[in-house]
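Trainee: I'd like to ask some things about the structure below.
Throughout, read-outs are computed from the coordinates displayed, never taken from laboratory work. Because the structure is a prediction, the values reported are computed rather than measured. Reconstructed Cβ throughout: ideal geometry from the backbone, glycine too, with neighbour counts over all protein chains shown.
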Amino acid sequence: MPLLRRGVARSVSRAARQGRTHKSQLHTASSAEVAWVYSREYAVLDGWDSGHRFAMEKYPRLFDRLVQRGVLSPSEVCEPADPAGNEWLHRAHSAEYVAGYCDGTLAPNAMRRIGLPWSPAMVRAVRLEVAGTLLAARLALSTGIACNLGGGTHHAQRAAGSGFNPFNDLAVASLALLAEGAARRVLVVDLDVHQGDGTAAILSEEPRAATFSMHAARAFPVRKQRSTVDVGLPNGTGDEEYLRLLREHLPPLLDEHRPDLVLYDAGVDCHGADAVRTFCRGHLSLTDAGLRKRDFFVMDECLSRGVPVATVIGGGYSTDMDELASRHAIHAEVAAALANCS
Ligand SMILES: [Zn+2]
């Protein structure tokens, strides 16, 4: 029995591609439900070096955890029908870079900067992940909340990949929805421990897109880009101060920009026990409870304004896969709880 309803996903995806998700279908908090997006092919596990810093196994571990805990049923999951095509990728990336990465012909230093082993399966995986974020964005416009159980590849720039991120799913999805008129304004809220530098740079020339990044000031990348609003935090910032600053900065931006959709990067590498502190100069000290309050606050602020929200999982580097899956699961549990109580 197939784990995912490919047929349903394809029909939803086709409808979304054809622009049949309209503003009039936009639900508010009173009728939100969660659309789940995932593909087993996000993870390239064959031959994966278990010592690699990027925890490829986290994708299936997160999905299986959510199924086991009854947060979602495999039968309700939408799978991106096809990997993101060039017509989407070229909105955010140069054609030369897209071709170079997909063909495996980028210069060795450009491949090293991405930091993932190149293979045709990896190219398919990263293109599927971008398609998943775009599908989640489209689904959120009609359901209120959609969660792509992958994505958050926010370091990728227009003509270069970086930090395990070949393509920028958040920028691609934002620009696709704006170009198609499915959304008039988009806001990317990025709460990964690292700045959403690629997203900020790519979307800086698009006035209909705004970017919010709250991150550890000393974390990668060394050279930050300018988001619409950046909040750089000192190392070790804990729940209380983090949430205070989030409450201070996010609502005014939502009110000012009035987005039709929020794309939310719910990275968990800002957890105090994340392994990011072993290889990165910047780190934060959030707890599980702090992450839960953070995710609730972001989604509730969006839904209470009638703004749909599509989530991506972002970074998380714990080497304990159970621990990592449980942290990435938090935003999905919050999404489900918000939908259930609406
Ligand atoms: Zn990160």
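Trainee: Can you name every residue in the range 107-142 that is over 18 Å from Leu187 (Cβ atoms), in contact (Cβ under 8 Å) with a residue 60 or more places away in the chain and not hydrophobic (A, V, I, L, M, F, W, C)?
Mentor: Within the range 107-142, Gly115, Pro117, Ser119, Arg124, Glu129, Gly132, Ser142 qualify.
Trainee: For the range 172-199, which positions are over 16 Å from Pro308 (Cα atoms) and within 14 Å of the ligand (Cβ to nearest atom)?
Mentor: Of the residues in the range 172-199, the ones over 16 Å from Pro308 (Cα atoms) are 172, 175-176, 179-180, 191-199.
The answer is Leu191, Asp192, Val193, His194, Gln195, Gly196, Asp197, Gly198, Thr199.
Trainee: Follow-up question, since we're still on this one. Restricting the search to the range 258-292, which residues are surrounded by fewer than 19 Cβ atoms within 10 Å (Cβ to Cβ) and of a type in the set (Lys, Arg)?
Mentor: Arg258, Arg281, Arg292, listed by residue number.
Trainee: Looking only at residues in the range 147-170 that are aliphatic (A, V, I, L, M) and within 14 Å of the ligand (Cβ to nearest atom), which one is nearest to Asp197 (Cα to Cα)?
Mentor: Here the answer is Ala156.
Trainee: Evaluate the following for Ala210: is it outside any helix (DSSP H, G or I), away from the ligand (no atom under 16 Å from the Cβ) and of a type outside the set (Asp, Glu)?
Mentor: Values: outside any helix (DSSP H, G or I): yes; away from the ligand (no atom under 16 Å from the Cβ): yes; of a type outside the set (Asp, Glu): yes.
It is true that Ala210 is outside any helix (DSSP H, G or I), away from the ligand (no atom under 16 Å from the Cβ) and of a type outside the set (Asp, Glu).
Trainee: If you take the residues of the range 45-66 that are within 20 Å of the chain's Cα centre (by Cα) and hydrophobic (A, V, I, L, M, F, W, C), which of them is surrounded by the fewest Cβ atoms within 10 Å (Cβ to Cβ)? Steps first, answer last, please.
Mentor: At the first step, the residues of the range 45-66 found to be within 20 Å of the chain's Cα centre (by Cα) are 53-66.
Subset that is hydrophobic (A, V, I, L, M, F, W, C): 54-56, 62-63, 66.
Details: Phe54: 16, Ala55: 22, Met56: 19, Leu62: 25, Phe63: 27, Leu66: 24.
Result: Phe54.
Trainee: Anything in the range 223-232 that is in contact with a Leu (Cβ under 6 Å, 6 or more places away or on another chain) and within 16 Å of the ligand (Cβ to nearest atom)? List them, or say none. Don't jump to the end; show me each part of the working.
Mentor: So the first thing to find is which residues in the range 223-232 are in contact with a Leu (Cβ under 6 Å, 6 or more places away or on another chain), and the list is 229, 231.
Matches in the range 223-232: Val231 only.
Trainee: A further question follows. Is there a residue in the range 176-192 that is in contact with a strand residue (DSSP E or B) (Cβ under 9 Å, 6 or more places away or on another chain), under 24 Å from Ser94 (Cβ atoms), in contact (Cβ under 8 Å) with a residue 12 or more places away in the chain and assigned to a helix (DSSP H, G or I)?
Mentor: Yes: the range 176-192 contains one or more residues that are in contact with a strand residue (DSSP E or B) (Cβ under 9 Å, 6 or more places away or on another chain), under 24 Å from Ser94 (Cβ atoms), in contact (Cβ under 8 Å) with a residue 12 or more places away in the chain and assigned to a helix (DSSP H, G or I).
Trainee: On to the next question. Say whether the condition of being within 19 Å of Tyr242 (Cα to Cα), without any contact (Cβ under 8 Å) to a residue 40 or more places away in the chain and not small (Gly, Ala, Ser) is met by at least one residue in the range 310-332.
Mentor: No, that holds for no residue.
Trainee: If we scan the range 263-278, do we find a residue that is aromatic (Phe, Trp, Tyr) and under 14 Å from His154 (Cα atoms)? Talk me through it step by step, then tell me what you get.
Mentor: Let us first name the residues in the range 263-278 that are aromatic (Phe, Trp, Tyr), namely 264.
Adding the requirement that they be under 14 Å from His154 (Cα atoms) leaves 264.
So far as the range 263-278 goes, yes, one or more of its residues are aromatic (Phe, Trp, Tyr) and under 14 Å from His154 (Cα atoms).
Listed here are the residues, each with its yes/no results for (1) in contact (Cβ under 8 Å) with a residue 12 or more places away in the chain; (2) in contact with a Leu (Cβ under 7 Å, 6 or more places away or on another chain); (3) not polar (S, T, N, Q).
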{"residue": "Phe54", "(1), (2), (3)": "yes, yes, yes"}
{"residue": "Lys58", "(1), (2), (3)": "yes, yes, yes"}
{"residue": "Gln68", "(1), (2), (3)": "no, no, no"}
{"residue": "Val71", "(1), (2), (3)": "yes, no, yes"}
{"residue": "Glu76", "(1), (2), (3)": "yes, no, yes"}
{"residue": "Pro83", "(1), (2), (3)": "yes, yes, yes"}
{"residue": "Glu87", "(1), (2), (3)": "no, no, yes"}
{"residue": "His90", "(1), (2), (3)": "no, no, yes"}
{"residue": "Ser94", "(1), (2), (3)": "yes, no, no"}
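Trainee: Looking only at the range 213-222, which residues are over 16 Å from the mean Cα position of the chain (by Cα) and either within 11 Å of the ligand (Cβ to nearest atom) or over 19 Å from Gly267 (Cβ atoms) (or both)?
Mentor: First, pick out the residues of the range 213-222 that are over 16 Å from the mean Cα position of the chain (by Cα): 216-222.
Scanning the range 213-222 gives Ala216, Ala219, Phe220, Pro221.
Trainee: Restricting attention to the range 298-333, and to residues there that are buried (at least 16 other Cβ atoms within 10 Å of the Cβ), under 25 Å from Phe164 (Cβ atoms) and of a type in the set (Val, Ile, Thr), which single residue is farthest from the ligand (Cβ to nearest atom)?
Mentor: Filtering the range 298-333 for residues that are buried (at least 16 other Cβ atoms within 10 Å of the Cβ), under 25 Å from Phe164 (Cβ atoms) and of a type in the set (Val, Ile, Thr), the one farthest from the ligand (Cβ to nearest atom) comes out as Val309.
Trainee: Now, a different point. Which of the helices (runs of 4 or more DSSP H) found entirely inside the range 86-159 contain at least 2 residues meeting this: surrounded by 21 or more Cβ atoms within 10 Å (Cβ to Cβ)? Even if it seems obvious, please write down each step before you answer.
Mentor: Values: elements: 86-92, 95-103, 108-114, 120-143.
Qualifying helices (runs of 4 or more DSSP H): 86-92, 95-103, 120-143.
Trainee: Same structure again: Scanning the range 242-286 for residues that are of a type in the set (Asp, Glu) and within 12 Å of the ligand (Cβ to nearest atom), which turns out nearest to Arg185 (Cα to Cα)?
Mentor: Of the residues in the range 242-286, the ones of a type in the set (Asp, Glu) are 248, 255-256, 260, 265, 269, 274.
Remaining after also requiring within 12 Å of the ligand (Cβ to nearest atom): 265, 269, 274.
Numbers: Asp265: 17, Asp269: 28, Asp274: 34 Å.
The selected residue is Asp265.
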